[in-house]
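The values are calculated or read from the model by the stated rules, or taken from the named source; none is laboratory data. Because the structure is predicted, anything quoted here is derived from the model rather than measured. Positions of Cβ are backbone-derived with ideal geometry, glycine not excepted, and every protein chain shown enters the neighbour counts. Calculation scope for accessible area: heavy atoms of the full protein, side chains included, ligands and nucleic acids excluded. Shrake-Rupley method; radii C 1.70, N 1.55, O 1.52, S 1.80 Å.
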Amino acid sequence: MEKLLIGKKYDERVTQPIITCERWEQYLTLIHDSIDKDYSLRFTTYAGGYEHHVSGKCYLFNESLKTILVNGIIVRDTEILSIERL
């Protein structure tokens, strides 16, 4: 069975996105750059079977836990589908 979520299909058996080490390094570079240069990011996440969008500045970044605080919402690496610069 498939679900249609915000124009994208997700298989119900998918529990979380899989991020490669190379992709995580790209995300790290983008996140550090946004903190240093003070610009906002848009995170597309997948949690609980739904796609969510979180936009704003990264106020806290914990590299060891792989978590980011964006507008009061904690985003974990296992939930990230994509990150875009606003």
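Give the residues of region 17-43 that are in a loop (DSSP other than H, G, I, E, B) and touching a residue at least 40 places away in the same chain (Cβ under 8 Å), sorted by residue number.
Quick first cut of region 17-43, residues in a loop (DSSP other than H, G, I, E, B) only: 17-20, 38-40.
Correct list: Pro17, Ile19, Tyr39, Ser40.
Would you check if there is a residue in region 44-57 being assigned to a strand (DSSP E or B) and touching a His at 6+ places or on another chain (Cβ under 7 Å)? Within region 44-57, one or more residues are assigned to a strand (DSSP E or B) and touching a His at 6+ places or on another chain (Cβ under 7 Å). Report yes if some residue within region 2-18 is modelled with pLDDT of 75 or more and surrounded by 11 or more Cβ atoms within 10 Å (Cβ to Cβ); otherwise report no. Scanning region 2-18, I find no residue that is modelled with pLDDT of 75 or more and surrounded by 11 or more Cβ atoms within 10 Å (Cβ to Cβ), so the answer is no. Any residue in region 76-83 that is touching a residue at least 12 places away in the same chain (Cβ under 8 Å), in contact with a helix residue (DSSP H, G or I) (Cβ under 6 Å, 6 or more places away or on another chain) and either part of a loop (DSSP other than H, G, I, E, B) or open to solvent by less than 50 Å² (accessible area, probe 1.4 Å) (or both)? Yes.
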